[in-house]
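As structure tokens, the structure follows; a few thoughts come after it.
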Amino acid sequence: MADELLDFLGVGPQRTGTTWLYKTLRQHPSLYLPEVLKETKYFDRRFDRGQEWYARYFESSREDQMCGEIAPTYFDVPEVPERVRRVAPSCDILISLRHPAERAFSLYLHHLRKGRVSRPFGEAVEQKPRILESGRYAAHIPRWRSAFGREQVHVLFLRDIKEHPQDVLDQICTWLEVDQMRLPSQADRKVNAASMPRFPRLARIASLITVSLHSAGLHRIVEFGKKLGLRSVFFAGGEDEMPSLSAEDRAFLIDEYEEDVDYVEDVTGRTLSHWRQ
């Protein structure tokens, strides 16, 4: 592990291919990510536990490995960039982006599958405003660029992950200055797949229990439950189809995120006309 606590950090936001990043980068011999869970929640929810607590997640890393975390809930929390900068000022920041309307609706489906929100999209947004707010790219990206500078903040796109995963991996390796790696076979799996639960109330209870276990540091119990297939029991198997993004909601979201699309085009130099369709 380097002198600093952290060498790189994938900050999301949610539903932008962060699980793909975690599973793929974990396979690189020069990189080390927490083994028992994807997200420690340290910089947003558990910062008061201190750096020694956080450092335990990297105790098994070798001296020649770069340590990092993929943490999509960090992206839109105002305090997080400065907290990370104080701990690791040289950290490389990876920001993965997605069509903002599709990302918001995907996050809604994620919460719906966990039993956390009601079925109508508009009602769900009222229950969890972060479904919309975490996609305000023009508001949140500048905080990261201000804390770390343009050279340390790297933007990638979910569409590129889906269409050209090896190219994205090569680009990340270049940013982190590690050897190129062949894309692991697991990276070919479908990104951000989901289905409706058979019992929504039971899914909500299971979700709350999972959060509590992670908060208590009992990550291996959660992993053991996954190996037993409990995730499919609680969070899938329903006969109802997942809702689709209606034309009306899509038009609302595209209008809502117009400023954010303009901003991303400006900072990346890419034309994102498909984000306005």
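The values are calculated or read from the model by the stated rules, or taken from the named source; none is laboratory data. A quick note: this is a predicted structure, and the numbers were derived from the prediction, not measured. Glycine gets a Cβ as well: all are built from the backbone with ideal geometry, and neighbour counts include every protein chain shown. Accessible surface areas use protein heavy atoms only, side chains included; no ligands, DNA or RNA. Shrake-Rupley method; radii C 1.70, N 1.55, O 1.52, S 1.80 Å.
Below is a table of values for the structure above.
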{"item": "Check on Pro78, over 17 Å from Phe8 (Cβ atoms), open to solvent by 20 Å² or more (accessible area, probe 1.4 Å) and in a loop (DSSP other than H, G, I, E, B)", "result": "yes"}
{"item": "Long-range neighbours under 8 Å by Cβ, at least six apart or interchain, first residue hydroxyl-bearing (Ser, Thr, Tyr) within region 247-264, second outside any helix (DSSP H, G or I) and surrounded by 13 or more Cβ atoms within 10 Å (Cβ to Cβ)", "result": "Tyr257/Gly135; Tyr257/Arg136"}
{"item": "Residue selected from region 102-155 under the condition small (Gly, Ala, Ser) and within 15 Å of the chain's Cα centre (by Cα), by the criterion surrounded by the fewest Cβ atoms within 10 Å (Cβ to Cβ)", "result": "Ser106"}
{"item": "Within region 1-23, tally of residues that are of a type in the set (Ser, Thr, Tyr), in a helix (DSSP H, G or I) and in contact (Cβ under 8 Å) with a residue 60 or more places away in the chain", "result": "2"}
{"item": "Matching residues in region 61-75 - criterion: being closer than 20 Å to Lys128 by Cα and either open to solvent by 10 Å² or more (accessible area, probe 1.4 Å) or out of contact with any Pro (no Cβ under 7 Å at 6 or more places or on another chain) (or both)", "result": "Ala71, Thr73, Tyr74"}
{"item": "Residue within region 144-160 that is of a type outside the set (Ser, Thr, Tyr) and farther than 30 Å from Met181 by Cα present", "result": "no"}
{"item": "Some residue of region 83-101 being surrounded by fewer than 19 Cβ atoms within 10 Å (Cβ to Cβ), among the β-branched types (Val, Ile, Thr) and in contact (Cβ under 8 Å) with a residue 40 or more places away in the chain", "result": "yes"}
{"item": "Test: residue in region 24-32 that is under 30 Å from Asp167 (Cα atoms), open to solvent by 40 Å² or more (accessible area, probe 1.4 Å), assigned to a loop (DSSP other than H, G, I, E, B) and at pLDDT below 95", "result": "no"}
{"item": "Region 170-187, subset in contact with a helix residue (DSSP H, G or I) (Cβ under 6 Å, 6 or more places away or on another chain) and assigned to a helix (DSSP H, G or I), residue least open to solvent (accessible area, probe 1.4 Å)", "result": "Ala187"}
{"item": "In region 95-136, the residues that are assigned to a loop (DSSP other than H, G, I, E, B) and more than 15 Å from Ser244 (Cα to Cα)", "result": "Arg98, His99, Lys114, Gly115, Arg116, Val117, Lys128, Pro129, Ser134, Gly135, Arg136"}
{"item": "Test for Tyr137: is it of a type in the set (Ser, Thr, Tyr), at pLDDT 95 or above and more than 20 Å from Phe43 (Cα to Cα)", "result": "no"}
{"item": "Positions within region 153-168 being part of a helix (DSSP H, G or I) and either in contact with a helix residue (DSSP H, G or I) (Cβ under 6 Å, 6 or more places away or on another chain) or over 24 Å from Lys23 (Cβ atoms) (or both), in sequence order", "result": "Asp160, Ile161, Pro165, Val168"}
{"item": "Subset tally (residues that are open to solvent by less than 90 Å² (accessible area, probe 1.4 Å), outside any helix (DSSP H, G or I) and either at pLDDT below 95 or not aromatic (Phe, Trp, Tyr) (or both)) for region 230-269", "result": "8"}
{"item": "Test: residue in region 4-11 that is modelled with pLDDT under 95, open to solvent by 40 Å² or more (accessible area, probe 1.4 Å), in contact with a helix residue (DSSP H, G or I) (Cβ under 8 Å, 6 or more places away or on another chain) and aliphatic (A, V, I, L, M)", "result": "no"}
